[in-house]
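The values are calculated or read from the model by the stated rules, or taken from the named source; none is laboratory data. Nothing here was measured: the structure is a model prediction, and the numbers come from that model. Note that each Cβ is placed from the backbone with ideal geometry, even for glycine, and that neighbours are counted across all protein chains shown. Note: accessible area is taken over every heavy atom of the protein model, side chains too, but ligands, DNA and RNA are not part of it. Shrake-Rupley method; radii C 1.70, N 1.55, O 1.52, S 1.80 Å.
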Amino acid sequence: MRNLSPALLSIAAVACAVSTAVAQRGPAPDPLVKENVTVKLAMHTYVIPDGNVGLVPNVGIVVGARGTLVIDPGLGRRNGETVLREVAKVSKNAELYIASTHFHAEHTTGYIAFPPSAKYVNSTVQEAEFEQGGMQMVQTFLKRSETTAEILKDAARRPAAITFDNTYTLDLGGVRVRFMVVGPTHTKGDTGFFVEGDNVLFAGDVVMNNSFLAAGAVSSMKAWLAAFDTFEALKPQTVVPAHGEVGPGTIIATNRSIMLGVQARARALKAEGRSADDTAKAVQAEFQAQHPEWPRANGLAAAARSAYAEAQ
């Protein structure tokens with residue numbers, strides 16, 4: 001165990017982004033959660049890092065005196081089983097809970113490996129999103145590779161045992177985790193998780209580290225900026241994004257700066273009479289030039305479209 005100091009894209013769009021990334025980097029590594037790399041972030045909080053592998057999330061584990069919460073259990077049964085083995089190394093609790101930052105398959109379908117006694121806690125909006133499009137996304141990912149097809153061969157929806165509308169607090173015994181729906185951002189049901197006392201925020205795709213944000217057709221720039229307000233008010237010391245490197249709480253401000261810049265530029269171009277399409281292209285090109293090494297640049301165009309549509 002290593003210690004680390006605190007310091008809805010549409011389904012078609014997701015498939016396109018995956019294909020583009022594969023074309024740029026060559027054959028993608030198998031989407032497998034790694035064993036024996038779990039990092040302790042704080043007294044009760046751990047993360048299994050994604051290793052910058054596509055379709056692998058940063059998996060969160062929060063351990064209380066009575067119960068244990070797993071956040072984003074990975075893609076399919078095989079990864080869920082890996083996560084459970086890692087959980088067993090840091091917790092002997094019989095009381096087990098599952099949660100997801102959003103409905104995409106790599107953040108949910110690992111839950112089929114969990115025992116029936118484990119309780120999936122999810123928002124009503126995420127439940128609706130998975131029911132409407134979750135298995136479609138699974139079918140899209142099934143075609144990516146033989147390994148992915150094998151991983152997802154028995155993927156299925158697991159209905160939540162506990163549902164909530166906007167906020168929920170889970171008491172694990174000696175530590176509480178606050179659930180907050182902040183979408184529509186990356187998806188309609190994007191949810192953040194704040195571990196009280198440990199001051200660790202699992203931000204999903206709403207806050208990223210050295211990356212642009214994966215906005216899509218459902219995204220609202222106003223909602224995204226409000227999400228930053230919600231997260232910053234918690235004063236997290238450590239932020240765990242859905243993918244990529246864990247970072248300090250200050251990365252929220254970095255993300256905010258980029259999105260405010262996108263919003264301002266989109267409004268200015270709209271005021272000049274530019275079309276939404278021209279604005280999206282111009283904004284993506286301008287901001288991508290500022291950070292050419294950052295991934296998810298295609299999200300800039302969608303963010304610009306949202307800002308354009310919301311401008312008065």
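Worth a mention:
- Residue in region 64-79 that is touching a helix residue (DSSP H, G or I) at 6+ places or on another chain (Cβ under 8 Å), open to solvent by 20 Å² or more (accessible area, probe 1.4 Å) and either of a type in the set (A, V, I, L, M, F, W, C) or within 29 Å of Trp294 (Cα to Cα) (or both) present: no
- Filter result for Leu260 (open to solvent by 10 Å² or more (accessible area, probe 1.4 Å) and either of a type outside the set (Lys, Arg) or more than 24 Å from Val200 (Cα to Cα) (or both)): yes
- Answer from Val125, Val121, Val63, Val59 - the residue that is aliphatic (A, V, I, L, M) and touching a Lys or Arg at 6+ places or on another chain (Cβ under 7 Å): Val125
- Note on region 193-209: among residues that are of a type in the set (D, E, K, R) and over 12 Å from the mean Cα position of the chain (by Cα), the one that is farthest from Val240 (Cα to Cα) is Glu196.
- On the stretch given as region 290-305, residues that are farther than 16 Å from Ser257 by Cβ, over 20 Å from the mean Cα position of the chain (by Cα) and in a helix (DSSP H, G or I) total 1.
- Residues (closer than 25 Å to Val182 by Cα, open to solvent by less than 40 Å² (accessible area, probe 1.4 Å), part of a helix (DSSP H, G or I) and of a type in the set (A, V, I, L, M, F, W, C)) located in region 129-166: Phe130, Met137, Val138
- Checked against (1) touching a Leu at 6+ places or on another chain (Cβ under 7 Å); (2) not in a loop (DSSP other than H, G, I, E, B), Glu286 passes all but a single condition, namely (1).
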